[in-house]
Every structure is written in structure tokens, then in C-alpha cells.
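Engineer: Following this message is one structure expressed as C-alpha cells.
The values are calculated or read from the model by the stated rules, or taken from the named source; none is laboratory data. On a predicted model such as this, the values are computed, not experimentally measured, just so you know. Note: areas computed on protein heavy atoms with side chains; ligands, DNA, RNA excluded. Shrake-Rupley method; radii C 1.70, N 1.55, O 1.52, S 1.80 Å.
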Amino acid sequence: MPRPFTIAQARENERFLEILRQTGNARFAAREIGRRISTLQHRRATHAGFAQDWEGAAAAANAAFHLAGGRRGPEGTVTGNCPPKQKMGTVTRGNCPLRTRGGEAVVVRSQNGKLQLRFAHPDKLTKAAEQAFLAALSATANIRLSAAAAGASPAAFYRRRRRDPAFAREFRLALKMGWDRLECAMLAAGMPESHADDAWRQNDPPPIPPLTADQALQLLWLHEKSVQQGWDMPHRRKRRGEPWETYTERLRAMWAVQQNRTAEDDAVRRAAQYEETGDWRYAEEAPPVPLPPLHLVTGWSKASGRPPHHEGVPLFGGWRIRDMKRKLVGGLRGQST
């Protein structure tokens, strides 16, 4: 598991993604935050959540440029059906265009079901456009945004999905991948060490408005129940006519929520501890018990007070394979007799 980002790195990533979402240029965004593009690419290669945000921001920028009035839209990023030097790079109209110029040889299916080699009409989507659409779909799980990133309408790709079984399969797999990656990114952003929502804690607290003593005591009384989470809260009492089974189940659910909140608070404290000291354990927390080396695990005994059997021979899990086979063969013989 990669080491989580520090607070400074998380802020840099947020700024980088914001500029990338506006410009669609990763090198420009890295230059704006004062980092090399290789540094951001290393973070992308080691953190799946950051990679998902990167590709989603790039796809959103491509879609925004196209929806703003571009006829063909910005050129996307393609991973296949291009010359080797163009893979994982920026697509150019001269080497790997998203639209046909007219006269290219393409394989189509006629109305009678037969395949024919025909000349393509101008301004039709190419395989590169399909790959750009699928790449954006695997990063966003948004069909309309992915179609705009490829410079086309969603209806064009829906039509290709109905006509081409191979494209329909890749369509489904890209949509599934986009869903999984978004779910993983959301779960990663919910972890305390992601620093995704704790920017407010790094700022100075705003000043408290002037309050009288009565107003301050009233505010404390109103918020005491939601902050302290005491067991004397009214919603924890047994309601009139409520069965004991329902009451215990309700208490069990509230107890589970309280345990989850306690675990979240502890995770937040440990993340702050790691940010300050570089160690997940607290100062008063004892280190884990070291395990003995395997060569020291020698003798074993079936009962206390008896000398160990096979002294000097290591034993793992209380059994040796030959003893287990011997007992199994003996049990089978007893059943056969």
C-alpha cells in the first residue's frame, strides 16, 4: 500500500487537478504549482485515487472545450489503434485522427448482413475516437461527458454499441471500470489520511460573535446532545408500546454507529500523529510483541508436563503433514473394516 499524501501534497494535488480541469494541459498545471511533471506522474502511478481524479479532470476539460463550441473538440488520449510512438500520448489529426477525411478504407456491414470494404465518408468517427471515448468512460463513468471528450454526441456511440458487438463489450467493460474506479476513489477520499476535507482545520478559527452569558449557555445546552452523544439521550429510551426486540435492535444499531464514530476519531488522531512524527503509534502505546525466529520453534507436546515429542523438529499449526496423512489412512482403514 503506498504511503498516503501529506497535507502539503494533498493541497498541491487539489490545485493541480483544478488547473488541469480548466486547461486540459498536465504540463502547464504542473508548472503552475511549481512541480515537475514527472513528480505528478509518479504520484499518478502509485496512487489509484489520484490517477482516477487526473483522468476525470482531463476528460472534463476535453468535454468542456467541445461543448463550448469546438466543432471537433480537443484531441483525446488514445491507448491503441495508433502508431507505437503515439500510444499513451496526445492524438494528432495527421497521425491518428478522431474523424475521417473521406476515402479511407473501412469495413462495414450492409443491409443484407454481409461485410464489405468501402470508402469512408468524410467527418465520421474513427477507431481513435472510439478509444478516446472508452478511455474517458473508464475514468468518469459518464457517457455524455465521455462522448463530448471524443468530440461527438452520445447517440453516435449508442448506435455503434447496437451495431458492433466488440464495441458493445468494450463499452460495458469501460463503464464497469469507471464505476469501480470512482467507488475506490470515493472510499480513498473518505479515509482520514487523505486530507480531502480537512482544509478548514488548517485555517485560523473565525472569531466568535458577541454573546451574552445566557446566549452562550443556551447554545451549549442545544448542542450538548449532538456533540457529547451521551446514553441519557431521549432517543435511546424505550418508547411506549415498543417491543423489546425492536428496542434492542435499535440500541444495537446506535451502538454500531457510535463505534464507527469512535473508530473515525481514532483514525483522525492517528493521521495527525503520523503527520507530525512519521509514526502511526502513540507515544504511550506499546510496540507489537516480536515473534520468535522459526528456527527456535522446535519441540512440542500433546499435554502439559510431558516431554516434547520429536525434539528439535519444528512444527507449525500443531501437525506435521506425514502425521496427518498417517492418521487419515488409519481412519479410512477403520471405516472399511
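Engineer: Over its Cα atoms, what ratio of radius of gyration to 2.2 N^0.38 Å does segment 116-168 give?
Structural biologist: In units of the globular-protein estimate, segment 116-168 measures up at 1.13.
Engineer: Next question, about the same structure. As a test question: what accessible area, to the nearest 10 Å², does Met186 have when a 1.4 Å probe is rolled over all protein chains in place?
Structural biologist: Per-residue accessible area (Met186): approximately 130 Å².
Engineer: Using only the heavy atoms of the protein chains and a 1.4 Å probe, how would Glu224, Glu193 rank by accessible area, largest first?
Structural biologist: Reading off the accessible areas and sorting them downward yields Glu224, Glu193.
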